[in-house]
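Worksheet: the structure to be examined is printed underneath.
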Amino acid sequence: MRTEIMLDLPAGYRSEDVLAFHSRDAEGIAEQVSPEGLRKGVLLGGTPVVLEVRFGRDIAACCVDADGNVTPALLAQAREALLSILGLRIDPATFAAFARNDPALGPVVARQPGLRIVQSASVFEALTWAIIGQQINLPFAISLRRTLIQLAGRVHASGLCCYPEAAGVAGLALEDLTSRKFSRSKAETLLRLARLVEDGQLVLDRERPVDELVQELLAVKGIGPWTVNYALLRGYGYPDCSLEGDVAIRTAFHRLLGGEARPDIPTTQRLLERYAPHRTMAAAYLWASLSDKAG
């Protein structure tokens, strides 16, 4: 069943950033991108769904294509997923005003107005992606993500793969992952997380108090502060994530501020504190500064 959703786009919306984020996997098994829009496969409450988006000048015409009935609950989930994958959760204007005169990021913000945080379709996707991406290069992380989708996801009637929910990952054996280039520790963490979520011991609800959720996530073996903050950024749209452990963040500060070496983690944490309570957008601009030719 297909149902349409229309989402207003703010002035200056950068659809090219959204398309670039969702086109990182060149094989496109779960995301397909064209100049006009994108298609993304997701599982919503066990139902395979393809979210289709076509960009207009000031509106995103979206279609929820489900292998089954589009119930009110599924439609609400689909809308939440669309807000995330289109980067509509955090308004960048607040940070732009906050950082206008900042000596490090002010010039970057001026050159790249309207930069947005594009997110994963679900909190579970954001968390699993954060675990997969720990301490490995991006191409390898993308290949592992593709493997997880193929192992634990489902195929929509259109042929597009849908990113798995916790139940699909929880049903895997350790050897399913380790035999396909996952390290043992990474595989164990993914399975541990999925089983906690599937058993109801860990609730990934956007409405939960962030401090409470952070403590529960940090109690999961294999999940540390970087993983939690990255998941809050990509999964919840939390505006004040501190990513001092991120190598790219430290590299960006080194490039912008100079010095003999990249700042260490405690120094980076102090540097980020001046952007509170907007450290999520600060991270976005620090990442963007690495490819900012004028920076």
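Laboratory data are not the source of any read-out in this text; all were calculated from the coordinates shown. These numbers were taken from a predicted model, which means no experiment stands behind them. Cβ sites come from the backbone with ideal geometry, for glycine too, and all protein chains shown count toward neighbours.
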Checklist line | Euclidean distance of C-alpha centroids, segment 1-80 and segment 238-284, integer Å | finding: 31
Next item on the list: Sum -39500 (n - 2.57) across every DSSP H segment of at least 4 residues in the chain, then divide by the residue count to get the 222 nm mean residue ellipticity, nearest 500.
Entry: -13000 deg cm²/dmol
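Which value, in debye to the nearest 20, gives the size of the charge dipole of the chain about its Cα centre, when Lys and Arg are +1 and Asp and Glu are -1 at the Cβ?
On the way: 32 positive and 34 negative charges, 134 e Å.
So the dipole magnitude of the chain works out to roughly 640 debye.
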Next item on the list: Would you be so kind as to identify which of 93, 21, 1 lies farthest towards the positive end of the dipole of segment 1-148, taking Lys and Arg as +1 and Asp and Glu as -1 on Cβ and the Cα centre as origin?
Entry: 93
